[in-house]
Amino acid sequence: MTITIANEVIPLRADSNGVVRVGGTRVTLETVIAAFSEGATAEEIVQQYPSLNLADIYAVIGYYLRHSGEVDAYVRQRGTQADAVRKQNEARFDPYGMRGRLLTRRIQG
């Protein structure tokens, strides 16, 4: 019996905002890589995110292991972007005292 060796497509896609997602799901590459880096197995990641496919997770982990420098740089860039957005939002909407303001609204409204 022979086995067919074929190149597999890595189940990653960039959405319209440039966010890399796994398979046809909304789960991000950095979410999967963070879980894997924290010691989660592929099976545990699928349990945490049931929309993911086990074979896709193994493929993504394999891709990460072969391209860790690129993926780590992408994850750092996404973290930097997230920090910038958070700071912009905090500057626009002061989070301190939010609970008190919401409770006051609830009582008044």
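What follows is calculated from the coordinates using simple rules that are stated; it is not laboratory data. These numbers come from a predicted model, not from an experiment. A quick note on method: Cβ atoms are made from the backbone with ideal geometry, for glycine too, and the neighbour counts reach across all protein chains shown.
Descriptive notes on the structure:
- In the range 12-93, taking the dipole from charged Cβ atoms about the Cα centre, the farthest positive-side position among Leu12, Ile61, Ala35 is held by Leu12.
- Where (i) 16.7; (ii) 14.9; (iii) 14.4 are the candidate values, the label of the one calculated here for Kirkwood radius over Cα pairs in Å is (i).
- Loop-located chymotrypsin sites (Phe, Trp or Tyr not before Pro) in the range 36-96, at most 14 other Cβ atoms within 10 Å (DSSP): Phe93, Tyr96
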